[in-house]
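Asker: Below is a structure I'd like to ask you about.
A short reminder: the numbers here are calculations on the coordinates, not readings from a lab. Every value quoted in this text rests on a predicted model; they were computed, and no experiment measured them. Note that each Cβ is placed from the backbone with ideal geometry, even for glycine, and that neighbours are counted across all protein chains shown.
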Amino acid sequence: MRRRTPRLLAVVLTTAVLALGACADDSAPEPGTGASGAATFPVTVGALTLDKRPEKIVVLGPSATEMLFAIGAGGQVAAVDDNSNFPADVPKTELSAFTPNAEAIAAKNPDLVVLTNDLNKIVDQLTQLKIPHYLAPAAKTLDDTYQQLTDLGTLTGHPDEAADVVQRMKDDIGKLVKDLPQRSTKPTYFYELGPEYYSATSRTFVGSLFGMVGLTNIADPADADGSKGGYPQLSEEALIKANPDLVFLADTKCCQQSAETVKARKGWAGVTAVKNNQVVALDDDIASRWGPRVVELLRAIVDAVAKVPA
């Protein structure tokens, strides 16, 4: 879940030894898989060991939900939180990832709970209830995303599928950034989390994606010392003075922002991004999550950058 404005605001596997007799092949199967590629249990990730494949998974966090369905574990997901909305047929419930309730979670009889936040001391509560759980906090880098996909693949019995998703992501991202034009001057951009002008710096997960395509973030000076956690609020005066070449709106759903509403703001008509029709409306959900759809976000960024004169 995205860190929004105040208002909105390794893998260790234990595998069975297969006795294949005198005709056994000298090559051993991959960790966590049998000779045929089928996942074997028990498996261990960090301090969590599962003796058998979980079949009633409760997920609190849209990014984790998307990861599980992407790796083929959707059929094992019994319940997701009220903000998980992709894929469209996820088993959404009244469970909240922001105010998690241990009793409500336990009532679902889960054999695994996947969390993206430790709010309300939910991890301690689940530990006391002896409910297996895996914490997948907000990614800071793409490597974090890849690791979480790998971990979830191991825990759900889909290690091969998870590996495939990770490789596809790496391949797609590599293709997107490979042919970007070389520029003598990097275009500047403003990433809007909300109409109150909160943004994300290059130190954040989403900021790192913009850095991959050679953009300069005008929000970086506002949190040079890191005291804002990578999410500073900019003044309108500072924004207009910075005159970004591109504006990316991650508040189109929550706050109904668009190129038209931006242009209508006082003093914004003269901003380069507005004059050159370089105000890019993003999907709030895709822009706020760190699962496989991050490739879609990067593609939208690359497409926008390609339209900026060299």
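Asker: Taking H placed 1.01 Å from N in the peptide plane, check which residues at least 5 places from ASN83 or on another chain put their amide H under 5 Å from its amide H.
Answerer: ALA97
Asker: Further question on the same structure: Roughly what % antiparallel, to the nearest 5, for the DSSP beta bridges in the chain?
Answerer: 25
Asker: Related question: Suppose every Lys and Arg Cβ carries +1 and every Asp and Glu Cβ carries -1, with no other charges. What dipole size does the chain come out with about its Cα centre, to the nearest 20 debye?
Answerer: Taking the Cα centre of the chain as origin, the dipole is about 940 debye.
Asker: Please give me the summed charge of the neighbours of PHE190: other residues whose Cβ is under 15 Å from its Cβ, Lys and Arg +1, Asp and Glu -1.
Answerer: Local net charge: -3.
Asker: If you don't mind, there's one more thing I want to ask. If you take every DSSP beta bridge whose two residues both sit in region 182-306, what share of them, in percent to the nearest 5, is antiparallel?
Answerer: Bridges in region 182-306 are about 10 percent antiparallel.
Asker: Can you tell me which lysines have their Cα less than 27 Å from the Cα of LYS92? Leave out same-chain residues fewer than eight positions away.
Answerer: LYS52, LYS56, LYS108, LYS121, LYS130, LYS140, LYS253
Asker: What does the helix-only formula give at 222 nm for the chain: each DSSP H stretch with n ≥ 4 adding -39500 (n - 2.57), the total divided by the residues, and the result rounded to the nearest 500 deg cm²/dmol?
Answerer: -9000 deg cm²/dmol
Asker: Taking the Cα centre of region 52-173 as the origin and placing charges on Cβ (Lys, Arg +1; Asp, Glu -1), which of ILE71, ASN83, TYR134 is farthest toward the positive end of the dipole?
Answerer: Farthest towards the positive pole: TYR134.
Asker: Could I ask something else about it? Which of these values of Rg/Rh (Cα atoms, Kirkwood Rh) was calculated from the structure shown: (i) 1.01; (ii) 1.04; (iii) 0.98?
Answerer: (ii)
Asker: Quick one: what are the phi-derived ³J(HN,Hα) couplings along region 66-80, Karplus 6.51/-1.76/1.60 with θ = phi - 60°, whole Hz, x for glycine and proline?
Answerer: 5, 4, 4, 5, 5, 8, x, 9, x, x, 9, 7, 8, 7, 10
Asker: Can you give the relative contact order of region 182-306 as a percent, counting alpha carbon pairs under 8 Å and 6+ residues apart?
Answerer: That works out to 25 percent.
Asker: Could you tell me which of rounded, prolate or oblate describes region 52-173, using a ≥ b ≥ c as the square roots of the eigenvalues of the alpha-carbon gyration tensor, with rounded for a/c under 1.5 and, failing that, prolate when a/b is larger than b/c and oblate otherwise?
Answerer: Taking the square roots of the gyration eigenvalues as a ≥ b ≥ c, region 52-173 is prolate.
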